[in-house]
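Encoded as structure tokens, the structure appears first; notes follow it.
The values are calculated or read from the model by the stated rules, or taken from the named source; none is laboratory data. In this text, all values refer to a predicted model and were calculated from it rather than measured experimentally. Positions of Cβ are generated from backbone atoms using ideal geometry, with glycine treated the same way; all protein chains shown enter the neighbour counts.
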């Protein structure tokens, strides 16, 4: 049996930077909070909680803040108004927003300020997308997929010439983003596309797809709420029928891998190296 692990599997730069920022802040003596879990991984969140970092889940949770507290903004970023609300409590904002996400904030502010409608390719309920929309002063529409794009066009049939800029959630599927842009262009809409998908995300998706094409079974490790992990699973499943999406080693059914002589493993940007090693070790020890 051959096990092949994707080189890009595990923490991305932005997540690693955010986690390290929380660890660093916990050693400075002040009360430390994160707005939302800093990473979509329960083990890491519990580790940081053990160091003293508490999670604020929503705006109502800001009521616990006092002057001198520190609130770490996770890699996903937050709307501009939320930063103002945190500072109004007297707490300090420690911004660990991924630089690639911050770049999108700058783009939507500039494009919207120039009078263009902003279209965001992504999941409306995802915290990164919520943050992006919150930095756009003008009209902003979130489009998840081709179906939603067609619904949007049905509601906007007469103003195709109105200038629009389309950006993407950093973890959006690159091929689907290209399809969306092409759809708007073919339908005659005046769109300017800015590919804001993270380069590391694109590399991770490309490598995962390539690996899935040459193995007999594929394992994708990631949190259920992790958008980038879900994208990896989607890409791998399209190329390898025996693709399994798990959060930890305990979720893997060894029987499902029976007969596979070449197994691929990849992991989302929120998956710690330790969990990847645990899954790999379990696969190696399993008689399949």
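Tabulated results
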| read-out | value |
| --- | --- |
| Hits in the range 61-75 - residues which are under 25 Å from residue 137 (Cβ atoms) and in contact with a strand residue (DSSP E or B) (Cβ under 9 Å, 6 or more places away or on another chain) | 62, 71, 73, 74 |
| Selection from the range 127-148 of residues that are part of a helix (DSSP H, G or I), surrounded by fewer than 21 Cβ atoms within 10 Å (Cβ to Cβ) and touching a strand residue (DSSP E or B) at 6+ places or on another chain (Cβ under 7 Å) | 133 |
| Strands (runs of 3 or more DSSP E) contained entirely in the range 1-118, each with at least 3 residues that are free of Cβ contacts under 8 Å to residues at least 60 places away in the same chain, crowded, with 16+ Cβ neighbours inside 10 Å and not assigned by TED's automatic domain parsing to the domain that holds residue 165 | 32-35, 70-73 |
| Restricting the range 258-286 to residues that are without any contact (Cβ under 8 Å) to a residue 60 or more places away in the chain and assigned to a helix (DSSP H, G or I), the residue that is nearest to residue 210 (Cα to Cα) | 277 |
| Residues of the range 214-236 that turn out to be over 17 Å from residue 272 (Cα atoms) and either assigned to a strand (DSSP E or B) or more than 19 Å from the chain's Cα centre (by Cα) (or both), as a count | 5 |
| Selection from the range 168-193 of residues that are within 26 Å of residue 11 (Cβ to Cβ) and either touching a residue at least 60 places away in the same chain (Cβ under 8 Å) or surrounded by fewer than 22 Cβ atoms within 10 Å (Cβ to Cβ) (or both) | 170, 171, 173, 174, 175, 176, 177 |
| Filter pass, residue 123 being closer than 28 Å to residue 11 by Cβ and either modelled with pLDDT under 95 or assigned to a loop (DSSP other than H, G, I, E, B) (or both) | yes |
